[in-house]
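K.L.:
Before I ask anything, here is the structure I am working with.
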Amino acid sequence: MRRMGAWLVVAVVGWAGVAGAATAPLPSLAPMIKQVTPAVVNVAVKATIADPANPLFADPFFRNFFGLPDDGGSREVTSAGSGVIIDADQGLIVTNHHVINGADVIRITLRDQRSFAAELVGTDPETDIAVLRIPAEGLTAIPIGDSDALEVGDFVLAIGNPFGIGQTVTLGIVSALGRGLGLEVYEDFIQTDASINPGNSGGALVNMAGELVGINTAILGRGGSIGIGFAIPVTMVRGIAEQIALHGSIDRGQLGVRTQDLTPDLAQGLGLASTAGALVVAVKPGSPADQAGLQPGDLVIGANGRAVDGSFDLRNKVGLLRVGDSMALDVVRDGVPRTVMATIEHEAAAPASAATTAATVPLLAGASFQALPPDEDGEGGVLVSDVVPGSPAARAGLRPGDVIVAVNREPVATPEALLDIARQNSSRMSLSVVRGNTRVFILIG
């Protein structure tokens, strides 16, 4: 009996100790998440698209015989994404352009389950950012952080609406910074292993202080997360969103320089201690860069008080400015630092002959081209100077700023050479395109 009593005493003491431990506070992100999640919303989209899968839709006779619609078999589809409230008083929400692209109806559902029809304020396909407005009171805006302060290894949370199942929070770290994937014209992605899935697009990437540091945008892999997700940094989002909120669109201009990144050997040859910066290799005559006094061989190390990491970074910083904005460029020339001022201007239109000739090639209709001088490696190319939205060239994936260096693996250096090859391949051709610091292949036809 005494032995049984001893076991009972031990058991009671043991359970009491466990109960006491359970009352101690445990580390948790719940308090911060409760503050942040009301600012993250679900975005439901309805759109009407043509259904090319049914071959009957291609023949007017069969459409008439079976009473099919004359619009080629259009049908209504729905999709779900995410968004982030950035201005509670104005009801402004930022999301991805691809989330709402082509939408007939956009509906926002808040964390408290209130639902509102949203107005599209404006969109910028070149950065994949869109701004919406809802007529709601009692909103919570998310605090804005500084994505420039992020470091690889920092903890981050991804908040959104994956697969349309409802608001979900995932945890990870910053895996890499400054990624370019060739998805957009202007890119500077934050890479994270926080689980991001279809439906997370437009949602929030936040730091451990509960501040917005990015807008979740893309994943690598098919169907779901494999631990490689990408977010647009909030420094880029904020600048674009402010312009859209004020003007409804982005009036993007150009600086007029061609630059390259520094290699260690090139930096050593120029007597530079680091490879940071964008090396000017060409200046367009009459451009803002030319008027500011930039010269080939100048090294641009800063823009408007922020460091320039490389050629792609300088391009992004120019892309965030509107026509008429000033840009202070910190430059090193022959080892001497100096600052020059440039005013962003509209890019000069492509020659009329190039645009007119391009219109005669069905696969490239809607695009204008300009020849580029050879770079330091002797490689030239054809600059895509303009693309008409909705045109065959736009649907094929060409974007202003692309540089076409080869067609069907054959190098091209002039618009005339490009169009001659295109006429000989009227049904299908492949383009080798330099987009930022990335080379991509585009199959047309």
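The values are calculated or read from the model by the stated rules, or taken from the named source; none is laboratory data. Treat the numbers as computed from the prediction; the structure is a model and nothing was measured. Ideal geometry is used to build each Cβ from the backbone, glycine not excepted, and the neighbour counts take in all protein chains shown.
K.L.:
Taking Ala158 and the conditions (1) buried (at least 23 other Cβ atoms within 10 Å of the Cβ); (2) part of a loop (DSSP other than H, G, I, E, B), which numbered condition does it fall short on, given that it satisfies the others?
P.N.:
If we test Ala158 against (1) buried (at least 23 other Cβ atoms within 10 Å of the Cβ); (2) part of a loop (DSSP other than H, G, I, E, B), just (2) comes out false.
Residue-wise test of (1) touching a helix residue (DSSP H, G or I) at 6+ places or on another chain (Cβ under 7 Å); (2) modelled with pLDDT under 85; (3) farther than 30 Å from His247 by Cα.
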{"position": "Asp261", "(1), (2), (3)": "yes, yes, yes"}
{"position": "Ser274", "(1), (2), (3)": "yes, yes, yes"}
{"position": "Val281", "(1), (2), (3)": "no, yes, yes"}
{"position": "Gly293", "(1), (2), (3)": "no, no, yes"}
{"position": "Ser326", "(1), (2), (3)": "no, no, no"}
{"position": "Glu347", "(1), (2), (3)": "no, yes, no"}
{"position": "Ser353", "(1), (2), (3)": "no, yes, yes"}
{"position": "Val361", "(1), (2), (3)": "yes, yes, yes"}
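K.L.:
Condition test on Ser311, is it under 30 Å from Gly122 (Cα atoms), outside the structural domain of Tyr186 (by TED's automatic domain parsing) and over 26 Å from the mean Cα position of the chain (by Cα)? Break it down into steps so the answer makes sense when it comes.
P.N.:
Numbers: under 30 Å from Gly122 (Cα atoms): yes; outside the structural domain of Tyr186 (by TED's automatic domain parsing): yes; over 26 Å from the mean Cα position of the chain (by Cα): no.
Answer is no for this residue.
K.L.:
Hey, among Ala194, Ala218, which residue is within 24 Å of the chain's Cα centre (by Cα), outside any loop (DSSP other than H, G, I, E, B) and of a type outside the set (D, E, K, R)?
P.N.:
Values: Ala194 fails: outside any loop (DSSP other than H, G, I, E, B).
Only one candidate passes the filter, namely Ala218.
K.L.:
Of the residues Ala209, Ala141, Ala136, which single one is in a loop (DSSP other than H, G, I, E, B), aliphatic (A, V, I, L, M), out of contact with any strand residue (DSSP E or B) (no Cβ under 6 Å at 6 or more places or on another chain) and touching a residue at least 40 places away in the same chain (Cβ under 8 Å)? Before you say what the answer is, go through the steps one by one.
P.N.:
Numbers: Ala141 fails: out of contact with any strand residue (DSSP E or B) (no Cβ under 6 Å at 6 or more places or on another chain); Ala136 fails: out of contact with any strand residue (DSSP E or B) (no Cβ under 6 Å at 6 or more places or on another chain).
Just one listed residue meets the conditions, Ala209.
K.L.:
May I pose another question? Just to be sure, is Asp188 charged (D, E, K, R), crowded, with 18+ Cβ neighbours inside 10 Å and within 23 Å of Gly239 (Cβ to Cβ)?
P.N.:
Details: charged (D, E, K, R): yes; crowded, with 18+ Cβ neighbours inside 10 Å: yes; within 23 Å of Gly239 (Cβ to Cβ): yes.
Against the criterion (charged (D, E, K, R), crowded, with 18+ Cβ neighbours inside 10 Å and within 23 Å of Gly239 (Cβ to Cβ)), Asp188 qualifies.
K.L.:
Determine whether Ile421 is surrounded by fewer than 20 Cβ atoms within 10 Å (Cβ to Cβ), among the β-branched types (Val, Ile, Thr) and at pLDDT below 80. Before the answer, list the steps.
P.N.:
Values: surrounded by fewer than 20 Cβ atoms within 10 Å (Cβ to Cβ): yes; among the β-branched types (Val, Ile, Thr): yes; at pLDDT below 80: no.
Taking the combined requirement at face value, the residue does not satisfy it.
K.L.:
Cβ-Cβ under 7 Å, sequence separation 6+ or interchain: first residue in the range 403-419 and touching a residue at least 12 places away in the same chain (Cβ under 8 Å), partner acidic (Asp, Glu) and surrounded by fewer than 20 Cβ atoms within 10 Å (Cβ to Cβ). Which pairs?
P.N.:
Val405/Glu379
K.L.:
Answer yes or no as to whether Ala204 is surrounded by 16 or more Cβ atoms within 10 Å (Cβ to Cβ), under 18 Å from the mean Cα position of the chain (by Cα) and touching a residue at least 60 places away in the same chain (Cβ under 8 Å). Talk me through it step by step, then tell me what you get.
P.N.:
Values: surrounded by 16 or more Cβ atoms within 10 Å (Cβ to Cβ): yes; under 18 Å from the mean Cα position of the chain (by Cα): yes; touching a residue at least 60 places away in the same chain (Cβ under 8 Å): yes.
Spelling it out, Ala204 is indeed surrounded by 16 or more Cβ atoms within 10 Å (Cβ to Cβ), under 18 Å from the mean Cα position of the chain (by Cα) and touching a residue at least 60 places away in the same chain (Cβ under 8 Å).
K.L.:
Okay, next question. Name the residues in the range 382-400 that are part of a loop (DSSP other than H, G, I, E, B) and crowded, with 22+ Cβ neighbours inside 10 Å, would you? Outline the logic, then answer.
P.N.:
Residues of the range 382-400 part of a loop (DSSP other than H, G, I, E, B): 388-391, 397-400.
Of everything in the range 382-400, just one residue is part of a loop (DSSP other than H, G, I, E, B) and crowded, with 22+ Cβ neighbours inside 10 Å, namely Leu398.
K.L.:
Please list, ordered by first then second residue, the pairs with beta carbon atoms under 8 Å, 6 or more apart or interchain, first in the range 262-279 and in the same structural domain as Gly302 (by TED's automatic domain parsing), second among the acidic types (Asp, Glu) and surrounded by 10 or more Cβ atoms within 10 Å (Cβ to Cβ).
P.N.:
Pairs found: Thr275/Asp261; Ala276/Asp309; Gly277/Asp309; Ala278/Asp261; Ala278/Asp313; Leu279/Asp261; Leu279/Asp298.
K.L.:
Could you list, in sequence order, the residues of the range 239-257 that are buried (at least 19 other Cβ atoms within 10 Å of the Cβ) and charged (D, E, K, R)?
P.N.:
Across the range 239-257, the qualifying residue is only Arg252.
K.L.:
Working carefully through the options Arg114, Arg63, Arg107, find the one that is in contact with a Phe, Trp or Tyr (Cβ under 8 Å, 6 or more places away or on another chain), at pLDDT 85 or above and outside the structural domain of Val237 (by TED's automatic domain parsing). So that I can check it myself, show each step before the final result.
P.N.:
Values: Arg114 fails: in contact with a Phe, Trp or Tyr (Cβ under 8 Å, 6 or more places away or on another chain); Arg63 fails: at pLDDT 85 or above.
Of Arg114, Arg63, Arg107, the one residue that is in contact with a Phe, Trp or Tyr (Cβ under 8 Å, 6 or more places away or on another chain), at pLDDT 85 or above and outside the structural domain of Val237 (by TED's automatic domain parsing) is Arg107.
K.L.:
List the strands (runs of 3 or more DSSP E) inside the range 227-285, counting only whole elements, that have at least 1 residues being under 30 Å from Pro198 (Cβ atoms) and among the small types (Gly, Ala, Ser). Steps first, please.
P.N.:
Numbers: elements: 229-233, 257-261, 278-283.
Filter on the range 227-285 gives 229-233.
K.L.:
Still on this structure: Exactly one of (1) in a strand (DSSP E or B); (2) surrounded by fewer than 19 Cβ atoms within 10 Å (Cβ to Cβ) is unmet by Arg111. Its number?
P.N.:
(1) is the only condition that Arg111 fails.
K.L.:
Residue under question is Gly229, and the condition is that it be surrounded by 16 or more Cβ atoms within 10 Å (Cβ to Cβ), within 26 Å of Val36 (Cβ to Cβ) and out of contact with any helix residue (DSSP H, G or I) (no Cβ under 8 Å at 6 or more places or on another chain); does it hold?
P.N.:
Details: surrounded by 16 or more Cβ atoms within 10 Å (Cβ to Cβ): yes; within 26 Å of Val36 (Cβ to Cβ): yes; out of contact with any helix residue (DSSP H, G or I) (no Cβ under 8 Å at 6 or more places or on another chain): yes.
Yes; evaluated as a whole, the condition is true for this residue.
Residue-by-condition table, conditions (1) charged (D, E, K, R); (2) assigned by TED's automatic domain parsing to the domain that holds Val94; (3) more than 27 Å from Leu246 (Cα to Cα); (4) at pLDDT below 90:
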site: Ile129; (1), (2), (3), (4): no, yes, no, no
site: Ala141; (1), (2), (3), (4): no, no, no, no
site: Phe155; (1), (2), (3), (4): no, no, yes, no
site: Pro162; (1), (2), (3), (4): no, no, yes, yes
site: Arg179; (1), (2), (3), (4): yes, no, yes, yes
site: Tyr186; (1), (2), (3), (4): no, no, no, yes
site: Pro198; (1), (2), (3), (4): no, no, yes, yes
